[in-house]
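Quick notes on the structure that follows.
Nothing in this text is a laboratory measurement; each read-out follows from the coordinates by a stated rule. Computed from a predicted model, the values in this text were never measured in an experiment. Virtual Cβ from ideal backbone geometry, glycine too; neighbours counted across all protein chains shown.
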Amino acid sequence: MTRKILVVGASGLIGHAVADELSKNHEVIRASRNGDERVDMSDIDSVRALFERIGDVDDVVCCAGAAPFKHVTELSAEDYEDGLRSKAMGQINVVTEGMKRVADGGSFTLISGILTTVPIHGSVASAVANGAVESYVVTAASELPRGLRINAVSPTVLKEATGYHSAFPGFKQVPAEDVVQAFVRSVEGVESGQVLTVWG
Ligand SMILES: NC(=O)c1ccc[n+]([C@@H]2O[C@H](COP(=O)([O-])OP(=O)(O)OC[C@H]3O[C@@H](n4cnc5c(N)ncnc54)[C@H](OP(=O)(O)O)[C@@H]3O)[C@@H](O)[C@H]2O)c1
């Protein structure tokens, strides 16, 4: 069955690959701050305006959000807030508005990452933001109405993310295709409240 799917962060490395794959069988709406459909997910009014423009959808996928990389002794309150506003509240905003707009039995798939529990230099703010995303997914799943599902995909560093490789010494890298399939599993499958790890 063809579904109408919103992909936030669709111009990014992961979001672009996910949007391209889902487009093979579904209608995909690509959104980001500078994309086809413009949205800043850290701003709830911007998220609400996006849904008003695009109308109801069957599924929502988020592949966006960032946190500052700094040593724990250098992280300020603002740094933590930046990471939480972007990666955690950004994605939570999309679900908060999206649950009024997603069809019965539809799904949300958010993104976290291996840094939630596996540290590298400067990853504390990312861990805090990712942890919030995963806690939200695991707990919100049981309260979502109308058979809505929610999962998070947690990738390790991608083969294609060459700019990050030196920051992940000795880590196995995964191809974007493996991460894409975790999103497909979440959107087209039956699971909910899961963190789908893609750690190689
Ligand atoms: N790359 C990896 O190896 C890897 C591994 C594990 C986890 N992750 C996580 O996966 C996510 C995506 O990573 P990526 O490498 O694909 O990033 P990316 O290439 O930098 O792409 C990020 C995407 O998100 C959009 N975006 C950023 N902030 C936004 C906002 N506030 N509102 C709406 N859209 C926004 C960007 O477009 P605009 O600039 O136009 O908004 C872009 O489309 C990140 O949260 C990252 O932490 C990545």
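Give the total of Lys-Lys pairs in the chain with Cα-Cα distances below 19 Å; include a pair only if its members are 8 or more places apart or on different chains.
On the way: LYS4/LYS24; LYS4/LYS100; LYS70/LYS87; LYS159/LYS172.
Here the count comes out as 4.
Pulled fully out, how much extra length does the chain show between GLU74 and ALA167, if you take 0.36 nm times their separation in residues and subtract their Cα-Cα distance?
Values: separation 93, 0.36 × 93 = 33.48 nm, distance 1.78 nm.
Result: 31.7 nm gained on full extension.
Return the calculated 222 nm mean residue ellipticity for the chain, to the nearest 500 deg cm²/dmol, obtained by summing -39500 (n - 2.57) across DSSP H runs with n ≥ 4 and dividing by the residue count. Display every interim value, and only then the final one.
Values: 6 runs with 68 residues, N = 200.
The helix contribution divided over the chain gives -10500 deg cm²/dmol.
If r is the Cβ-Cβ distance from ALA66 to SER135 and R0 is 22 Å, what FRET efficiency results, to the nearest 0.05? Please report the intermediate quantities before stating the final value.
Details: r = 19 Å, r/R0 = 0.86.
The value I calculate is 0.70.
Given H placed 1.01 Å from N in the peptide plane, which residues other than close sequence neighbours of LEU158 have an amide H under 5 Å from its amide H?
Result for LEU158 returns VAL174.
Of VAL180, VAL118, VAL94, which has the largest mean-square fluctuation in a 10 Å C-alpha GNM of the chain?
VAL118
When a/c is below 1.5 the answer is rounded, else prolate if a/b is larger than b/c, else oblate, so apply that to the chain with a ≥ b ≥ c taken from the square roots of the Cα gyration tensor eigenvalues. It would help to have the intermediate numbers written out before the result.
Values: a/c = 1.63, a/b = 1.37, b/c = 1.18.
Note, shape of the chain comes out prolate.
Would you please give the FRET efficiency between LYS24 and GLU52, computed as 1/(1 + (r/R0)^6) with r the Cβ-Cβ distance and R0 = 41 Å, to the nearest 0.05? Write down the numbers at each step before the final one.
Working: r = 28 Å, r/R0 = 0.69.
It comes out at approximately 0.90.
About the Cα centre of segment 4-198, what is the dipole size in debye to 20, counting +1 per Lys and Arg Cβ and -1 per Asp and Glu Cβ, all else neutral? Don't jump to the answer; show the numbers that get you there.
On the way: 17 positive and 26 negative charges, 35 e Å.
I would put it at about 160 debye.
Need the C-alpha centroid separation for segment 22-81 versus segment 150-197, integer Å.
With segment 22-81 and segment 150-197 each reduced to a Cα centre, they are spaced 17 Å.
Could you pull out every residue, at least 5 positions away or on a different chain, whose amide H is within less than 5 Å of the one on LEU196? Hs are placed 1.01 Å off N in the peptide plane, and Pro or chain starts have none.
Those qualifying (amide H under 5 Å, at least 5 residues apart or on another chain) are ALA152, VAL153, SER154.
Set Lys and Arg Cβ to +1 and Asp and Glu Cβ to -1, take the dipole of the chain about its Cα centre, and tell me which of LEU75, ALA161, ASN93 lies farthest positive.
ALA161
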